[in-house]
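Read-outs throughout are calculated quantities, based only on the coordinates presented, and are distinct from any laboratory measurement. Treat the numbers as computed from the prediction; the structure is a model and nothing was measured. Cβ placement follows ideal geometry from the backbone for every residue including glycine, while neighbour counts extend to all protein chains displayed.
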Amino acid sequence: MFRSSQQSIAHIQMGFAILLFGTALPVSQILTSEVHVFDGTAIRLTVAAILFLPMLWNRRDEIRRIGTSDALLVFLIATSLVAVSGLMLCSTKFAPCTVICTVTSFTPIVTALGAIIFFRDRPKRKQLGWIVVAGCSALILRSACTRAEATNQEFLWLALGVGLSVAAVFCEAAGILFAKVATRTLSPMTLAALSTLVSVLIILPFAIADGTPISWTSLSTKAWLAGIWWGAGGITLGTWLWYSGIKQSSATTAAAFLSLLPFVTVAISWIVN
């Protein structure tokens, strides 16, 4: 009974996390229309890291006890956060949102395959069935949306955007699998806070080296709100809920929930635009 209750809570947490993650792509396009890709990523992660600082202080004893293997996992998860954010933002410069989302529809399938291969997960048939059906449905939906858009991108630039989003898919799947391993010993809040803080340390040198000045005073209110929400909702709250759910569930279950993301993203993109 207790186990069933834990799983139900985990499913609710992952469901809310997917809703928050679904805002990432449309919100990122608002922000990167006014700032460079590296700057947009740095803003997003810095907002989240600042909000996580009180949690890190409260969990300083747990952080002191972290071993080498867990520290490596935190670094890999942080790297995947930066890579996914950077690759997705770069891809939006070369391909329409609907094309990118068509590619990211395969993320749940890649994650499920990784869970089966590396974790020896034994997923239920209904889980696999849902992942495949949802993935195919999302692919059809996104393809239909893409045909409805008037795209003027040259083929090479479009191919580059697709290639970047494919790389983002593999980075995101890897991050989920690493998080599943890390939550065996680390609390979800500690993992979310630490990985976000480390990701800021990774992205800041790239943002500084880019050398593109930001005119903070000229940023629109919409861009400010997009950056704050993208960090606070999409990372701070979203990753904590996601890692909390993953801790109590299998990686395949996480992949099943992830398959809902394309539909959520399309709905939110339609509302925002």
Dipole of the range 12-72, Cα-centred, from +1 at each Lys and Arg C-beta and -1 at each Asp and Glu C-beta, to the nearest 20 debye?
220 debye
When you take every Cα atom in the range 190-252, what is the radius of gyration, and what is Dmax, the widest Cα pair distance, in Å?
15.4, 46
Integer Hz, Karplus 6.51/-1.76/1.60 couplings in order for the range 155-162, x for Gly and Pro
4, 5, 5, 5, 5, 5, x, 5
Neighbour-count ranking [beta-carbon atoms within 10 angstrom, fewest first] of F118, F94, F52
F118, F94, F52
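Report the FRET efficiency, 1/(1 + (r/R0)^6), for W270 and S220, where r is their Cβ-Cβ distance and R0 is 30 Å, rounded to 0.05.
0.90
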Mind listing the phi-derived Karplus ³J(HN,Hα) values for the range 248-256, rounded to whole Hz, using 6.51, -1.76 and 1.60 with θ = phi - 60°, and x for any glycine or proline?
9, 10, 7, 5, 5, 4, 4, 5, 4
Roughly speaking, what is the centre-to-centre gap between the range 241-266 and the range 48-86 when only Cα atoms are used, to the nearest Å?
20 Å
Taking the Cα-to-Cβ direction at L72 and at I12 and moving 7 Å from each Cα, how far apart do the two end points lie in nm?
3.8 nm
Quick check on packing: order 237-246, 219-228, 177-186 by the mean number of other C-beta atoms within 10 Å, highest mean leading.
237-246, 177-186, 219-228
Taking the Cβ-Cβ separation of F206 and K93 as r and a Förster radius of 22 Å, what is the calculated FRET efficiency to the nearest 0.05?
0.90
